[in-house]
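Heads up, the thing below is written out as structure tokens.
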Amino acid sequence: MLAALAVRAVAGEPAFSDPAPPAVAAGPAATAAVPAANPEVVFRAPPRPLAPGARIADWPHFLGPAHNQTSAETGLRADFPPGGPALVWAMPKGEGYAAPVVAGERLVLFHRVGGEEVAECLHALDGRRFWRVAYPTTYRDRYGYNPGPRASPAISGGRVFTLGAEGRLQCVDLASGRVEWRRDLHAEFRVPRNFFGVGASPLVVGDVVIVQLGAPGGPGVAAFEVATGRLRWGAEREWGPSYATPVPATWGGQPRVLVFAGGESRPPTGGLLVLDPATGAVDARFPWRGTRYESVNAAAPVVLPEGVFISECYGSGGALVAPAPGRGAAAVWTNPTFGVHFMSAVRLGDLLYGVAGHGPQDAEFVAVEVATGREVWREQPLWTETVAEPRGPREIRTGLFRASLLVVDGQVLALGEFGHLARLEVSRAGLRVRERAWLFAATETWTPPVLSRGLLYICQNTRDAVAGTPPRLLCYDLRGD
């Protein structure tokens, strides 16, 4: 193991040290893997050809290419076929809530299988396997939730980065599956376990990968060199790590990284940090956190031309924050009733749409004006489903509840937490469920959907209570004519 390295101080603070710079894989570049048959995959039918002139894109990191759960793809179906979108392929998945990521023909899934955290690279069109990388884990959730990874991988520059529930950060060559470097951040930096393990996904900016670290006394945020895994800089000593993934932004005309910090602490502290990705210098701090001890900041900041929207559901609600004169940040408006839990709000036109509320029963769709924060409407779409049971059919009242939203082609797709996929029409006039499909009857559908090249990837995180299917990664065809 290499000796600890001192890292240059920022903003006049003492330098943080790198306690254990990792060894880097040596030797010539590894040979690119070719896809092999994957016996775990059930292949239904190939997707339709892309529509002429369709606009397509990768989905290389959490929340998509623009970091805002919005897709610029076109050439999609205008409606669902009877029975819902066509299933292209499905594969049993292990435990975890991490969303897959896609670059070209390669999809990377990060999940837990037995006692291992596993990253595997699959062919996005048919599920064939390029490579599989695994290491042991003993993580157990203190509240009894799923013990798999929470953080989605990030693909950049031919590398894929994963961050496990216990704080293991690794860099893998996307083409070959060779592990370039790996480090145990929580052991190295003596980071205590947060409420639900590590949940914020890594963010790659230039030649560094940025993570919420939360080391006692700092760094709270750290940047590691993508090529070597060495600590480039550390920042923040007071606010601990949250479950909100950092996002890039332009702040005051300069490239910056926004971190919505705030995890386990007494008293609860946290808020928006504005960091220089080159040095880690903190440009601005905006405190924003619920007052309960077991509160967390979990929804990624939403970058808008008017400012940055941040929100939490434990008391403070939502706020639009913008640069203040000098080095600071100020609220453009606040709305204490627009409290988004972990499902990011999305923008369409001059309104922000999000699901406010902590749990299923109080989760309501809310629309607010971007300019003022004024609530325009609040609705909770519900309907009746018929479930087949041994004693005969039974009707249940259900809905989308804590749904993940995806804006595409001027519409909103909503993935409900009990397995419903709905196409919504939203405007100042209100919300209408234009169509819906019940993909599976499973709980904890909290992983946001992923769209790339007209294919929609959805994680079923628990067993289907009706059909009995195990947790799966599902690929659906949304391609139009």
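Rule-based calculations on the coordinates, nothing more; no lab input. None of the values given here were measured: they were computed from a predicted structure. All Cβ positions, glycine included, derive from the backbone under ideal geometry; neighbour counts span all protein chains shown.
Listed highest first by mean packing, meaning other Cβ atoms within 10 Å per residue, what order do 167-176, 33-42, 53-62 come in?
Descending mean neighbour count gives 167-176, 53-62, 33-42.
Starting from the Cα gyration tensor of region 216-269, multiply each eigenvalue by 5, take the square root, and state the resulting semi-axes largest first in whole Å.
21, 17, 10
Give me, ordered by chain and number, the residues 5 or more places off residue 348 or on other chains with an amide H under 5 Å from its own placed amide H.
Under 5 Å from the amide H of residue 348: 353.
Whole-Hz Karplus ³J(HN,Hα) for region 18-32, in order, using 6.51 cos²θ - 1.76 cosθ + 1.60 and θ = phi - 60°, x for Gly and Pro?
8, x, 7, x, x, 6, 10, 4, 9, x, x, 4, 6, 6, 4
Using Cβ contacts closer than 10 Å as the measure, can you line up 404, 242, 427 from fewest to most?
The most exposed by this proxy come first: 427, 404, 242.
Rank by packing, highest mean first: peptides 451-463, 264-276, with packing defined as the count of other Cβ atoms within 10 Å averaged across residues.
Top to bottom by mean Cβ count within 10 Å: 451-463, 264-276.
Can you work out ³J(HN,Hα) from phi for every residue in region 118-126, in order, using Karplus 6.51 cos²θ - 1.76 cosθ + 1.60 and θ = phi - 60°, giving whole Hz and x for Gly and Pro?
10, 10, 9, 9, 10, 6, 5, 8, 9
Just how large is the dipole of the chain about the Cα centre, in debye to the nearest 20, putting +1 at every Lys and Arg Cβ and -1 at every Asp and Glu Cβ?
Dipole magnitude for the chain comes out near 340 debye.
Could you sort 221-227, 335-341, 380-386 so that the peptide with the highest average Cβ count within 10 Å comes first and the rest follow in order?
Top of the packing list down: 221-227, 335-341, 380-386.
Using only DSSP helix segments of four residues or longer, with each worth -39500 (n - 2.57), what per-residue ellipticity at 222 nm results for the chain after dividing by its residue count and rounding to 500?
After summing the helix terms and dividing by the residues of the chain, the value is 0 deg cm²/dmol.
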